[in-house]
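Scroll down for the structure; my scribbles are underneath it.
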Amino acid sequence: MTSSEDFNQTLLSNISISVISQYLNNVKPFPSSGLRGDDNCIYEVTATKDKEKTFVTLQGNNLNSYGDASISGTDGFQQSLLRSIYRSQRDKRELICSDYPDILKECGGLIRKSVELVREVIKETKEIIKENYPVTKPKVVSRIVKKKNPPTKEVEFKCENAKIKKGSEYGRDGRLVTITPKEEPNPMGAYKFCDLEETKKEKEEMVRITPFDKKKPSFLVKRSSVKVALCKSGCSSSRAAMMGYKHEGIYWIRVE
């Protein structure tokens, strides 16, 4: 490793050993005692600064290349060394750009080419798959499913007096129909019904009130609103019964 006084010799030596071992051959620092034998692989790295530019020359077994950088210092040396290997070792370009994508401007074009190549491969693969394995759309068979109406439940009316009028039924249209035999079902789906007269509450008994004053006509009131006078004569309820007016909210009658 040889360089001008503008560089840190030790630092450049360490960078050179690391980069060369990574992309070319595994190397070690040159021993101070020298080398023995003739089968040694030696790489010579020379770094030179020219104004703000850095130049690196790399020589070795079947190798003679150079790299340059527009910056100085350690960063300029590293960029120049990587560019030197990039130019001489075509099979290592993708690996260098994968490890240092932001250092060499050449890697930008290589990455774009790689992306375009991948896209082209994907496109061709899709066309091959489409040609050899056509996609068949499943047939859609539409059919109308008729919903079955649930069977109508026969509801039997419950009578208050628990009496059912035999021989009659109450149709869904509200009209009275004749019960048909079991073997001849009634198409109207009639329901059994209770005798309307029996289901109705019995009419409350009415009581006639006749006022003592003949000018006032007699009238009928419900039995529930009438009580017997508390006395035959003299008390308020007896007077109310004689005159035919309400006392304490009800009518009164006299019982002889």
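The values are calculated or read from the model by the stated rules, or taken from the named source; none is laboratory data. Because the structure is a prediction, the values reported are computed rather than measured. Note that we place each Cβ from the backbone using ideal geometry, even for glycine, and neighbour counts take in every protein chain shown.
A few remarks follow.
- Residues of region 10-38 that are out of contact with any Phe, Trp or Tyr (no Cβ under 8 Å at 6 or more places or on another chain), among the β-branched types (Val, Ile, Thr) and either loosely packed, with under 13 Cβ neighbours inside 10 Å or touching a residue at least 40 places away in the same chain (Cβ under 8 Å) (or both): THR10, VAL19.
- The set of residues from region 81-107 being among the hydrophobic types (A, V, I, L, M, F, W, C) and within 24 Å of GLU44 (Cα to Cα) comprises LEU81, LEU82, ILE85, LEU95, ILE96, CYS97, ILE103, LEU104.
- Which numbered condition CYS41 fails, given (1) hydrophobic (A, V, I, L, M, F, W, C); (2) out of contact with any Ser or Thr (no Cβ under 6 Å at 6 or more places or on another chain); (3) surrounded by 14 or more Cβ atoms within 10 Å (Cβ to Cβ); (4) assigned to a loop (DSSP other than H, G, I, E, B): (3)
- SER16 vs. criteria in a helix (DSSP H, G or I) and either of a type in the set (Lys, Arg) or modelled with pLDDT of 85 or more (or both): yes
- Within region 219-244, being without any contact (Cβ under 8 Å) to a residue 24 or more places away in the chain and either in contact with a Pro (Cβ under 7 Å, 6 or more places away or on another chain) or among the hydroxyl-bearing types (Ser, Thr, Tyr) (or both) holds for SER224, SER233, SER236, SER237, SER238.
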